[in-house]
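To start, the structure itself, in structure tokens.
The values are calculated or read from the model by the stated rules, or taken from the named source; none is laboratory data. Because the structure is predicted, anything quoted here is derived from the model rather than measured. Accessible surface areas use protein heavy atoms only, side chains included; no ligands, DNA or RNA. Shrake-Rupley method; radii C 1.70, N 1.55, O 1.52, S 1.80 Å.
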Amino acid sequence: MFSKIITMEQHILEQERVYPEATGTFTNLLYDIALAAKIISREIRRAGLGNILGEAGTVNVQGEEQMRLDVFANETFIRMNSYTGRVGVMATEELESIVSIVPDNPAMAGGKYVLIFDPVDGSSNIAANVSVGTIFSIYRRKSPLGAPGTVEDCLQPGRDMAAAGYVLYGSSTMLVYTAGNGVHGFTLEPSLGEFLLSHPAICMPALPRYSSANVSYERLWSPGAQRFHRYLQGMESEKPVVGLSARYVGSLVADFHRNLLNGGIFYYPSSYANPVNPRAKLRLLYEAAPLGYIAHHAGGYASDGTRSILDIVPTELHQRTALFIGDRGLVQKAEGYIHDLG
Ligand code: AHG
Ligand code: MN
Ligand code: MN
């Protein structure tokens with residue numbers, strides 16, 4: 001599978017050589033994330049054994065195991081990044097407020113990076129042994145160094161991201177990331193415990209193959225989103241999209257990853273059940289922006305239907321957004337329908 005074995009460590013060091021001014025902090029932050037990912041991966045691989053190996057009464061309540069993994073992954077990410085001096089503030093899908101870094105040792109306080117993550121994406125799939133993932137993004141802080149970071153540090157538009165990535169706990173564990181210089185994928189070699197470069201310089205294929213949406217909500221979408229959906233099915237009068245096949249895992253990372261490698265579009269429009277107050281599901285900071293940044297650097301595009309996801313300036317940590325992501329031409333097509341029909 002691998003012609004020349006390159007570990008993630010070697011790859012990142014190589015990339016960093018391009019920037020002589022780099023201090024290594026960013027590289028080390030990526031290692032911290034990779035280590036957290038390995039720990040979470042190990043736990044997820046063992047998840048189904050809870051009922052067999054767990055002590056009586058501790059894991060036999062339905063749903064508890066999946067909740068435990070959300071909490072475990074969240075705590076692992078926080079623990080791995082709290083005492084390194086690299087991160088000044090974190091925001092996670094699992095906590096209402098930011099995680100300010102105030103370690104006992106003041107020298108460790110006030111790292112220069114902001115770390116934002118969805119520790120387990122697709123967690124409703126865990127109990128059914130379906131792939132889940134972790135999504136992360138890294139920003140440079142805005143507030144002065146040397147003190148804990150602030151909410152404002154976390155509320156930056158996707159365009160200002162320093163890096164984004166995800167880990168997919170699928171048939172193998174993969175880490176995919178971009179620091180703005182190509183999208184690179186690594187596969188965890190379990191016996192070595194190393195992420196090895198398996199997918200260098202990922203580009204979205206020119207021809208999309210898959211469309212991914214939870215179509216059971218179609219009746220609640222806006223007219224533009226509905227028409228776009230019909231267009232993908234070849235039900236509009238103009239020339240239909242040929243050869244698109246439907247695939248929907250229900251774990252955004254898994255759906256996105258498949259479409260990144262094979263070509264396609266994922267869309268989760270807002271629900272207009274209450275037309276005055278449309279509701280979106282996916283989270284801007286933890287899901288849409290990081291994957292949007294990756295899509296952008298792989299030649300794809302992400303939009304909320306009216307503008308690039310990367311242009312949205314967040315006003316709240318847990319802000320939600322409609323999301324159309326993947327093949328650039330198809331996402332723009334969606335924008336066209338929404339522009340014309342709403
Ligand atoms: P999370 O598990 O982090 O809450 O995210 C779930 C998200 C995303 O992974 C997925 O694409 C979407 O919810 C699925 O929603 P539906 O069940 O409504 O299709
Ligand atoms: Mn999620
Ligand atoms: Mn989650």
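Tell me, rounded to the nearest percent, the portion of alpha carbon pairs in the chain spaced more than 38 Å apart.
So the pairs more than 38 Å apart make up 16 percent of the total in the chain.
How large a share of the accessible area of region 210-341, in percent, is made up of carbon and sulfur atoms when the probe is 1.4 Å and the other protein chains stay in place?
48 percent
For N28 and Q233, compute 0.36 nm times the residue count separating them, minus their Cα-Cα distance, and round to one decimal in nm. Walk me through the numbers on the way to the answer.
Numbers: separation 205, 0.36 × 205 = 73.80 nm, distance 4.58 nm.
Full extension from N28 to Q233 adds 69.2 nm.
Just the accessible area per residue of region 8-199, please: how many Å² with a 1.4 Å probe?
In whole numbers, region 8-199 has 45 Å² accessible per residue.
Share of region 8-199's accessible area from carbon and sulfur, percent, 1.4 Å?
Carbon and sulfur atoms account for 52 percent of the accessible area of region 8-199.
If the chain between E16 and N262 were fully stretched, how many nm would it gain, using 0.36 nm times the residue separation less the Cα-Cα distance?
Working it through step by step, the gained length comes to 85.7 nm.
To check you understand DSSP bridge types, tell me what percent of the beta bridges within region 166-291 (both residues inside) are antiparallel, rounded to 5.
75 percent
Accessible area per residue for region 210-341 in Å², computed with a 1.4 Å probe and the full protein assembly in place, what is it?
Value for region 210-341: 42 Å² per residue.
Can you give me the angle between helix 64-82 and the longest principal axis of the chain, using Cα atoms only, in degrees from 0 to 90, rounded to the nearest 10?
60 degrees
Taking the Cα centroid of region 204-226 and of region 1-32, what is the distance between the two, rounded to the nearest whole Å?
What the calculation gives is 37 Å, centre to centre.
Using a ≥ b ≥ c from the Cα gyration tensor of region 8-199 (square roots of the eigenvalues), is it rounded, prolate or oblate, where a/c under 1.5 gives rounded and otherwise the larger of a/b and b/c decides, a/b for prolate?
Working: a/c = 2.06, a/b = 1.38, b/c = 1.49.
Oblate.
Name the residues whose placed amide hydrogens come within less than 5 Å of the amide hydrogen of G122, ignoring near sequence neighbours (fewer than 5 apart) on the same chain.
L252
Give a residue-ordered list of calculated ³J(HN,Hα) values for region 30-46 (Karplus: 6.51 cos²θ - 1.76 cosθ + 1.60, θ = phi - 60°; whole Hz; x for Gly, Pro).
Per residue, the Karplus-derived 3J(HN,Hα) values read 5, 5, 4, 5, 5, 5, 4, 4, 5, 5, 5, 4, 4, 5, 5, 4, 9 Hz.
Residues with amide H under 5 Å of S198's amide H, sequence separation 5 or more or different chain, H placed in the peptide plane at 1.01 Å from N; which?
For S198, the qualifying residues are G185, F186, T187.
Taking the 0 to 90 degree range and rounding to the nearest ten, how far is the long axis of helix 223-232 tilted relative to the main principal axis of the chain, both from C-alpha atoms?
With both axes taken from Cα atoms, the answer is about 90 degrees.
Extension gain E316-H339, at 0.36 nm per residue separation less the Cα-Cα distance, in nm?
Additional length available on full extension: 5.7 nm.
What number, rounded to the nearest 500 deg cm²/dmol, is the helix-based mean residue ellipticity at 222 nm of the chain, given -39500 (n - 2.57) per DSSP H run of at least four residues and division by all its residues?
So the calculated ellipticity at 222 nm is -9000 deg cm²/dmol.
So how tilted is helix 328-341 from the main axis of the chain? Cα-based, degrees 0 to 90, rounded to 10.
60 degrees
For region 21-28, what does the Karplus curve 6.51 cos²θ - 1.76 cosθ + 1.60, with θ = phi - 60°, yield as ³J(HN,Hα) per residue in whole Hz, taken in order and with x for Gly and Pro?
Those phi angles translate into 7, 5, 9, x, 4, 5, 4, 5 Hz.
What is the ratio of the Cα radius of gyration of region 210-341 to 2.2 N^0.38 Å, where N is its residue count, to two decimals?
0.97
How many angstrom separate the Cα center of region 109-166 from the Cα center of region 274-342?
First find each Cα centre; the distance between them is then 18 Å.
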